[in-house]
1. P(r) for chain B, please, calculated from all Cα pair distances in 10 Å bins and given in %.
2. With a bin width of 10 angstrom, please list the P(r) values of the range A:4-184 as percents of all Cα-Cα pairs, from the 0 bin to the one holding the largest distance.
3. Computed FRET efficiency, Cβ-Cβ of residue A:264 and residue A:111, R0 41 Å: what is it to the nearest 0.05?
4. Cβ neighbours within 10 Å, averaged per peptide: list B:247-260, A:80-93, B:144-157 in order, most packed at the top.
5. Can you tell me the order of A:9-21, A:354-366, A:235-247 when each peptide is scored by its average per-residue count of other Cβ atoms within 10 angstrom, highest first?
6. As a check on your grasp of the helix formula, calculate [θ] at 222 nm for chain A: sum -39500 (n - 2.57) over DSSP H runs of n ≥ 4, divide by the residue count, round to the nearest 500.
7. P(r) of the range B:140-283 in 10 Å steps, Cα pairs, percent per bin?
8. Residue A:295 to residue A:277: extension gain in nm, 0.36 nm per residue of separation minus the Cα-Cα distance?
């Protein structure tokens, strides 16, 4: 039986985080992400867990790194300007293999932009925010239910791969309250990071690897093992080294532990009729518009497929290519000026026709998408 | 009939039609600040209520050039603007950083401390409404002990005391530091004008009531401000060179309870918690009294009885003159 509650994306990110086992949250106020901060402040202390008000976004993420290195599943939430301040610590989390989740609720940018205006302009900034081009997983929910589902997934991937994960949503998904059917929420499977277990004669090394794409076993700093956490280039023991073969190997490993598992950590929604002529890719709030446009076009007899890019990074290249199949035309719908994610999709299809439907400072309407597709028939 | 003792500078540089809530202390502060400084001013505003209050296209209520800047950069941007003016030979324009408590006590603190330590030549005005009001009332390090905010809910109100920004800035040994209140525009304007005559880093901490954030009726803004002063929650003072403390107004020492009970943000507090706040206020007052007694301001303190305001401000002005051309 359906069980409806009025919820918005921010609240469902909070619920998803709690369900995933998040026990540490640090927040700093910023519209449109403050709802997550508020939810966690209300919820975590009741459970004996920790929710901290930080004095700025740099501290918010650094709190999470510290708590995560003590073994907590940790999260913070922010928007574009705050994320900009977090980038150094985000890179630190990549380098130190610190599991954590950043919920990034996009607003209109650049800079202060529009605090109460939606936008999907942070997508490439987020996906390419690590110097050296290291991959970090980025997930993008388009509904409160997806916000719940993908938050849990984000924690699971973060813990499993010892990596920061970004949950990239937007103001409309995060702040629009709507009916959420709790009976339809996915069942919760949680993943815990693999802890180091000493066997006889074994020495602990903070970043011990047998294979390049291994995920090192975790030991909390200040526990029974001597842990060295460093943002400097390091060997497997965490000792600062410049460019020894071992250090370079550790760097390669940072990339490969994520990229080699791209398929396993990718989740997409694909809805395709037989032999589609056109496929529409979208994500976040625009995916909801696109879904409606696709339904309308199908009623008019058009063979249009739809792909909701719940996973944006690592770019699910194989899945995107498969989804497009033999479709002649590709349409990418997103709320930014130049078609940021379209540029990533376009390079996968050098011989197909690629069209963008874009809007800045406003939501895209289904009619715009329908027009863009119909007019080319 | 009472006699009008003070006339505000008549020019209204802040235009009506701004976006502030009724009873906004920050907006009165802007109005008085502009009256005090005139139009040859550049105002640097980080993310805060005033980044909205100034108005949307095509309006700007402030009537002077406004530099809306990133949250953590008010003091550094103001330093840059001032350096630019100086390099271009403009020694007249006053640069003012105008920031809320979040942008001053928290995220802008590093830039603030850096500018203070370098003795950058501008005026920093913090309109302190004791929480992140623009984003929906989240606690800041300026939020007082016991207060409700959306992130310090009534079941677990703020457990920490308010950061003492006056002591922090005094420790930087800046040439001029003052507290001010919208309840006493004459005092505020005098202090801002005094700051204008002094070179180097000047900081004015303004108590700025927020009706929606503190949960009281807008018409009580001034009354609450006055009660904060009289109860010694927010003493009005000046500090010269970080060491020379002077009291601007001798508070009556009314019970803190009266001040607390006027505001919904303290509604959940039990009597014993209010007692605790009273104890904090008493302790802080004692510490301040020691400072006042031990510095050059000691003599001045004896004269600072409220009825002798005129004399005292003359004394203060004399003291300022000595400092005003220190650079």
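All of the numbers you see were taken from the coordinates with simple rules; none came from a lab. This structure is a prediction, so every number in the text was calculated from the model and none was measured. A quick note on method: Cβ atoms are made from the backbone with ideal geometry, for glycine too, and the neighbour counts reach across all protein chains shown.
1. Over chain B, the share of Cα pairs per 10 Å bin runs 6, 27, 37, 24, 6, 0 percent.
2. 11, 43, 38, 8, 0
3. Efficiency computed from Cβ-Cβ geometry: 0.65.
4. A:80-93, B:144-157, B:247-260
5. In descending order of packing, they fall as A:9-21, A:354-366, A:235-247.
6. Computed mean residue ellipticity for chain A: -11000 deg cm²/dmol.
7. Pair shares across the bins are 11, 39, 35, 14, 1.
8. Taking residue A:295 through residue A:277 to full extension adds about 5.0 nm, to one decimal.
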